[in-house]
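**Student:** Take this structure, written in structure tokens, and hold onto it; I'll ask about it next.
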Amino acid sequence: MLGRPFPLDTLPHCDKVNLPTDKGELAFPPFPLAPPPLIGETMRPINKIIIHCSATPPNMDIGRDEIDRWHRERGWSEIGYHWVVRRNGKIERGRDESRVGAHAKGHNRESIGICMVGGVDKNNKAESNFTRDQWDKAEWLVWDVLGRYGNAEVIGHREVSDKECPSFDVKAWWRGT
């Protein structure tokens, strides 16, 4: 028999994932956040994980739903990012990974987009103002995505555009993990 030996809806994942902490220790689920493709299914090749910021000040606590609304207001079918990391470290699922994203023009077909909420100061200037929870969960999320897609390059949006997004040097951050 091809495919999963159990129904997809019994997998231990959900649309919104809160990965709790206990006394500063990270407690991550013992499963990937997204199920692997069924045997025999083909997934588009992924060679980049592109980190973004939401370009919002640190006092603006937004998530997947707000970004989805903003992207729909621009005429897109849904949120362009595959994952969102909120200020409190909560990871929220965006666009399904099997679907081409809408987050890095010219690079969407071969990438997974992760958005960290924040990235600008109160004057809308680029600022790396992410929380410790965000850094920890973003690192875990990148490792989770790499576990599914192999040796993808981890880069910032600014490396494939003329934007300052995500307001920090992703390659330097990733080398330090």
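**Student:** Go through segment 66-77 and report how many residues are free of Cβ contacts under 8 Å to residues at least 24 places away in the same chain and among the acidic types (D, E).
**Tutor:** Going through segment 66-77 one residue at a time, the tally reaches 2.
**Student:** Take the residues of segment 94-104 that are closer than 17 Å to W70 by Cβ and not small (G, A, S): which is surrounded by the most Cβ atoms within 10 Å (Cβ to Cβ)?
**Tutor:** Step one: filter segment 94-104 for residues closer than 17 Å to W70 by Cβ, giving 94-95, 101-104.
Those left that are additionally not small (G, A, S): 95, 103.
On the way: R95: 23, H103: 26.
The selected residue is H103.
**Student:** Next up: Would you check if W83 is surrounded by fewer than 22 Cβ atoms within 10 Å (Cβ to Cβ), closer than 28 Å to K122 by Cβ and either in contact (Cβ under 8 Å) with a residue 40 or more places away in the chain or of a type in the set (F, W, Y) (or both)? Give the steps one after another, and end with the answer.
**Tutor:** Values: surrounded by fewer than 22 Cβ atoms within 10 Å (Cβ to Cβ): no; closer than 28 Å to K122 by Cβ: yes; either in contact (Cβ under 8 Å) with a residue 40 or more places away in the chain or of a type in the set (F, W, Y) (or both): yes.
It is false that W83 is surrounded by fewer than 22 Cβ atoms within 10 Å (Cβ to Cβ), closer than 28 Å to K122 by Cβ and either in contact (Cβ under 8 Å) with a residue 40 or more places away in the chain or of a type in the set (F, W, Y) (or both).
**Student:** Continuing with this model, one more query. Collect the residues in segment 66-94 that are part of a helix (DSSP H, G or I) and among the aromatic types (F, W, Y), keeping them in residue-number order.
**Tutor:** Within segment 66-94, the first condition is being part of a helix (DSSP H, G or I), and the residues that meet it are 66-73.
Residue satisfying the conditions is W70 alone.
**Student:** A follow-up question, please. Report the residue count in segment 124-150 for those that are of a type in the set (D, E, K, R) and outside any helix (DSSP H, G or I). Reasoning before the result, please.
**Tutor:** Filtering segment 124-150 down to residues of a type in the set (D, E, K, R) leaves 125, 127, 132-133, 136-137, 139, 144, 148.
Then keep just the ones that are outside any helix (DSSP H, G or I); that gives 125, 127.
So the answer is 2.
**Student:** Can you find a residue in segment 79-98 that is more than 14 Å from the chain's Cα centre (by Cα), farther than 11 Å from C53 by Cβ and not polar (S, T, N, Q)?
**Tutor:** Let us first name the residues in segment 79-98 that are more than 14 Å from the chain's Cα centre (by Cα), namely 88.
Right, trim to farther than 11 Å from C53 by Cβ and you get 88.
Now narrow it down to the ones that are not polar (S, T, N, Q): none.
Within segment 79-98, none of the residues are more than 14 Å from the chain's Cα centre (by Cα), farther than 11 Å from C53 by Cβ and not polar (S, T, N, Q).
**Student:** Out of M1, M60, I need the residue that is part of a loop (DSSP other than H, G, I, E, B) and either at pLDDT 95 or above or closer than 30 Å to K122 by Cβ (or both). Which one? If you could, list the steps in order and put the result at the bottom.
**Tutor:** On the way: M1 fails: either at pLDDT 95 or above or closer than 30 Å to K122 by Cβ (or both).
That would be M60, the only listed residue that is part of a loop (DSSP other than H, G, I, E, B) and either at pLDDT 95 or above or closer than 30 Å to K122 by Cβ (or both).
**Student:** From the set of residues in segment 151-175 that are part of a loop (DSSP other than H, G, I, E, B) and of a type in the set (A, V, I, L, M), which is modelled with the highest pLDDT? Show your work before the answer.
**Tutor:** So in segment 151-175, the residues part of a loop (DSSP other than H, G, I, E, B) come out as 151-152, 160-169.
In the following step, the residues that additionally are of a type in the set (A, V, I, L, M) were identified as 152, 160.
On the way: A152: 94, V160: 97.
By that ranking, first place goes to V160.
**Student:** Right, something else. Can you name every residue in segment 124-154 that is under 16 Å from S54 (Cβ atoms) and surrounded by fewer than 17 Cβ atoms within 10 Å (Cβ to Cβ)? Break it down into steps so the answer makes sense when it comes.
**Tutor:** First pass over segment 124-154, keeping only residues under 16 Å from S54 (Cβ atoms): 124-131, 133-135, 137-138, 141.
Correct list: N124, K125, S128.
**Student:** Can you name the number of the only condition in (1) among the aromatic types (F, W, Y); (2) closer than 23 Å to W174 by Cβ; (3) surrounded by fewer than 19 Cβ atoms within 10 Å (Cβ to Cβ) that W76 fails?
**Tutor:** Exception for W76: condition (2).
The values are calculated or read from the model by the stated rules, or taken from the named source; none is laboratory data. Worth saying up front: this structure is predicted, and the values here are computed from it rather than measured. Reconstructed Cβ throughout: ideal geometry from the backbone, glycine too, with neighbour counts over all protein chains shown.
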